[in-house]
Every structure is written in structure tokens, then in C-alpha cells.
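Please read the structure below before turning to the comments.
Derivation of every value follows stated rules applied to the coordinates shown; laboratory data play no part. Being a predicted model, the structure only gives us computed values, none of them experimental. We place every Cβ from the backbone using ideal geometry, glycine too, and count neighbours over all the protein chains shown.
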Amino acid sequence: MSASPYDINSPAYKKALRLHKKSKKTPAADDLPQLREQEKAFKARFPPPSLSDVLDLSWKESDFGNLWKGVSSIDGLEEIPCQDGKVAYTIASAPGFVLLPGYLSPLEQRERIRATLENHAKPPNENNLDTHYNLPVEGLFPAWKVFTKQRAIDPRSSEPIIETKAPTGHTAELAPKRALIDNTAASTENFEDIQAMEKLPAPPSTSLSPLPLSSILYKLRWSNIGHFYHWGTKSYQFDRELISIPSDIKSICQRAVQTVPWSKVWKNGADLAAGEWESGPDWQQWHKNYDPDAGIINFYQLKDTLMAHVDRSELSSTSPLVSISLGQSAVFLLGGLTRDEKAIPVILRSGDVLIMSGPRCRRAFHGVPRILEDSLPNHLKSKGEVEEDWDLIADYLGTTRININMRQVFPPNFPYEQYGLSHLQNKFY
Ligand SMILES: O=C(O)CCC(=O)C(=O)O
Ligand SMILES: [Fe+2]
């Protein structure tokens, strides 16, 4: 038997677990809300978290190996055949949560990853580094590609250095870690007040140093697509240039929403039990009127986490939020309406599409406490000849998970004129 710390039967694992349990018995730890306890357990490097109650519907040994493996069923899991032959899964205690495991084929995953890196994380879309650095206008990844090609021809080529926007002091952590502020949920009642809040651009940091292209690439954390999200006020900003949602992303999201038989998801009054809908359950219309108009592409390095939060800046509090996972796998925690409810842990793997919909799930706490290292499927690894330049992308994916998180800010039939936002109407068609 191997002595790997990942082997839960090894003496090394058992000893570490004993020590860990002992060290956890501090009064402070017991006071933490359920969800924080779960986050802590999944974050732990050693002993590594047990995945024995983590739903893992896309695992296949040939793709992912045996290092990280959850379970293929949990209480209340239900399988729903979809219109396009795919299968959706729901969980009885989490109405509105719909998981489409392996929804994107290996080829579609590669195409989306490439588009994300080459097209969607560059101007006019804004990313977390733009505030602080003068990034190459062609995008970080395209610039990296050009440089590696040059270097192959002339090994003495010097790597581009990315300059800071503010005068340089000393190196420090990059500021924009997402703050854990509970903002007020957007609604038509407070919409005008939220809009009136001053949305100042974040100032460039004065404590950062210029960085070579190869390092800054790994500091990319998010890129904004569609309506602009102002992180400081946790609200959308509509007085900026309007940028359409890339059609490739929009069509995947719409296809996913259209394939789900919603009457089976919301059967037996589950829609009413899930809480209050803006003007009564409107899921019958989603096949026609679901329209993602804003999104964040998240880039996670192996040690990154996303603290449990609620996405409540969207006026539409029930329309599906569609989340596409690519690259390394992750543990996702689906909590309830407070941090005191126990969360359901789910492994999200490359190609999975997750839909959070309806009043309960759309306003549920959720987060990503763990990226599972060495969980890149074989079809994303470099095999030399897979695709032009895939080596470079595969290298980056060796430590990266990408999540495309698409929301619908405005409910269908929103009276844009009434709020002085006529310019947003029919914007993306
Ligand atoms: O990375 C994920 O799977 C979730 C991301 C998320 O919750 C968000 O961007 O709000
Ligand atoms: Fe979220």
C-alpha cells in the first residue's frame, strides 16, 4: 500500500487526520457557521479533504485518474433526460439547481478555453489587472504566444515586462481579492438608489512592481463580459460602453437552458416551495426569453478559493445563472439562504454546466473552497499534435481552472425607458 497522503488507508493519512481533528477542537472553530466549517475542511492541504460525500458525476478513471474522486449519488439526486439526449441532475433539497455533467464535448471545451484566453480577457473587456498594469492591448495570452514564438526563433529574445500604471514602490499582494461584504439584493424598489451610487474606478496600486509577461499571466483572476460589474459597490454600471456577450458563450448558455425540461425540475409545486418569484413562476418562458447579459470569467490558480457569497446584484432574481467549468476540477459548495445551512458539496469538472435558477437557488450561498490539483482531463493535456499551440494552453491549464459565470441582470420585459435606460433595450441583438 502506498504511503501517499491522499491514500485514506495509509498510516500517514490516519495519523495526520488524528492530529488535525485534535487541533480543530478549539472553541472558536465550533462557533463558525456550518458553511465556513465546510469551507475550512475543503481548503485544508493536509490531510487532504475527504471527498466521500461529494457528488462527482463526471468522473471517469480514464480521464481523471484516481487521485480525486467523489461519489456518484447523494440523497435526493434525480436524473432528468434532456431534449438533446444529454442528462440533467437535480437535488430534491436544492430546487432550481440543475447540473449537466460533461455538457461540453472535449472539442467544445478546447474551443471555449482558447476563445476565453485569446478573445475574452482583453479590451474592451476589463480584467482584474487592468486597474494596475498597462497590459498588452492584444491580450495577455496572445502576447505570450507571440513572445514564445519569437523566442523559439531567437532564444535571446527578451521577455516583455508589463509596467504598472502608478509609480512603482515595492512588491505587494494584488488588491482585488473579492471582499466578503453582504450587499443588499437588487430589486426594482432599490434599483434607482443603487444606480445613483457613485461608481468610482478603483485607483491603481502604488505598491506593485513591473512583472514579466510569464508571471502576470498567472495573476489574471477575472474578466468582465457584457454589462460592467463595479466591484466596489457590487452593482452594475450602465453608463459605460456597452459590450455584447460573445456569441459563442451566449449560445452555449441558451442551448443549456433550452434543453432542460423545466416542468420536470419544478414539478409537484417545487416552484412555489422554492420561495417568492418576482411575478409568479416564469420558468415556462425560459426556453424563449432567457437572455444572459452579463458575466464574469473566473480564472483560478491551484491555491485560489472563492468564499461563499450570494450573487444578488442582478435585478432578475430567478432567471437561470449558467456556469461553465473548464480546465482543472473544483469542489463547489451549494449552501442555503444563510451561512448556517449545511452546504451540498459537488465536484465541477471540465465541460460541466451548472444552472442556478429560481428564487431559492439564485439567492443561495455558494463558493469554491478548493481547486483539485492534477485533475486536468487527458483531452486538455498537451499531446504534441492535438491543435496548433495547444502546448502553451495546456501549460497554463496545468495550474488553472476557468469558470464562465453568466447572469441575466434584467428580467424579461423590463421597462428600460422607465428607468432612463432605453439605450440598453434590445442591445445585444
Ligand atoms: O467558479 C465557480 O464555479 C463559481 C463562480 C461564482 O460563483 C461567481 O463567479 O459568482
Ligand atoms: Fe457566484
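Could you go through the stretch 345-357 in sequence order and give the Karplus-derived ³J(HN,Hα) for each residue, using 6.51 cos²θ - 1.76 cosθ + 1.60 with θ = phi - 60°, rounded to whole Hz, and x for Gly and Pro?
Per-residue couplings from phi come out as x, 9, 8, 9, 10, 4, x, 6, 10, 10, 10, 10, 9 Hz.
For Phe228, which sequence-distant residues (separation of 5 or more, or a different chain) have an amide H within less than 5 Å of its own amide H, given hydrogens modelled in the peptide plane?
Gln237
If we sort 111-119, 265-273, 336-344, 354-362 on the protection proxy, mean other Cβ atoms within 10 Å, highest first, what's the order?
Details: 111-119: 19.2, 265-273: 15.3, 336-344: 17.2, 354-362: 24.4.
Descending packing order for the listed peptides: 354-362, 111-119, 336-344, 265-273.
Pick from Ser187, Ser62, Ser263: which is most flexible by mean-square fluctuation in a GNM of the chain where alpha carbon atoms under 10 Å apart are linked?
Ser62
Using only the alpha-carbon atoms, what does the stretch 79-147 span along each of its principal axes? Please give whole angstrom values in decreasing order.
That gives 48, 27, 16 Å along the principal axes, largest extent first.
At what distance in angstrom do the alpha carbon centres of the stretch 181-257 and the stretch 357-429 lie from each other?
Result: 13 Å between the Cα centres.
Can you spot the lysines whose alpha carbon is less than 22 Å from Lys250's alpha carbon? Ignore those fewer than 8 places along the same chain.
Hits, sequence-local ones excluded: Lys86, Lys122, Lys288, Lys427.
Starting with the highest mean, order 153-165, 298-310 by the number of other Cβ atoms within 10 Å, averaged over the residues of each peptide. Mind showing how you got there, number by number?
Details: 153-165: 12.5, 298-310: 17.9.
So the peptides 153-165, 298-310, ranked by packing, come out 298-310, 153-165.
Could you list Tyr416, Tyr290 in order of exposure, starting from the residue whose Cβ has the fewest other Cβ atoms within 10 Å?
Going from sparsest to densest Cβ surroundings: Tyr416, Tyr290.
GNM on the chain, C-alpha springs below 10 Å: top fluctuator among Thr318, Thr148, Thr90?
Between Thr318, Thr148, Thr90, it is Thr148 that shows the largest mean-square fluctuation.
Given the -39500 (n - 2.57) contribution per DSSP H run of 4+ residues, what per-residue ellipticity at 222 nm results for the chain, rounded to the nearest 500 deg cm²/dmol? Kindly include the intermediate steps, with their values, before the conclusion.
Working: 14 runs with 105 residues, N = 429.
Theoretical 222 nm ellipticity from helices: -6500 deg cm²/dmol.
For labels at Ala185 and Leu77 in the simple 7 Å Cα→Cβ model, what's the distance in nm?
Going by the 7 Å Cα→Cβ label model, 2.9 nm.
Where does each of Phe228, Phe238 land when they are ranked from fewest to most other beta-carbon atoms within 10 angstrom?
Going from least to most buried by this count: Phe238, Phe228.
Aspartates and glutamates within cross-link reach of Lys303: Cα-Cα under 12 Å, excluding same-chain residues under 8 positions apart?
Answer for Lys303, where 12 Å is the Cα cut-off: Glu373, listed by chain and number.
Report relative contact order for the chain in percent, whole number only (criteria: Cα-Cα under 8 Å, sequence separation at least 6).
Working: 783 pairs, mean separation 86.1, N = 429.
Reported as a whole number, the value is 20 percent.
Can you work out the FRET efficiency for the pair Asp389 and Arg156, with r the C-beta to C-beta distance and R0 = 22 Å, to the nearest 0.05? Mind showing how you got there, number by number?
Numbers: r = 22 Å, r/R0 = 1.00.
The computed FRET efficiency comes out at 0.50.
If we sort 194-202, 213-221, 121-129 on the protection proxy, mean other Cβ atoms within 10 Å, highest first, what's the order? Walk me through the intermediate numbers first.
Values: 194-202: 12.9, 213-221: 17.8, 121-129: 20.0.
Top to bottom by mean Cβ count within 10 Å: 121-129, 213-221, 194-202.
Take the chain, compute every pairwise Cα distance, and split them into 10 Å bins from 0; I just need the percent in each bin.
It works out to 4, 20, 30, 27, 15, 3, 0, in whole percents.
Label-point separation (nm) for Glu373 and Ser251, each offset 7 Å from Cα along Cα-to-Cβ?
Reported label-point gap for Glu373 and Ser251 is 3.9 nm.
Which distance in nm do the two modelled labels at Asp31 and Asn9 give, with both placed 7 Å along the Cα-to-Cβ direction?
For the pair Asp31/Asn9, the computed spacing is 4.2 nm.
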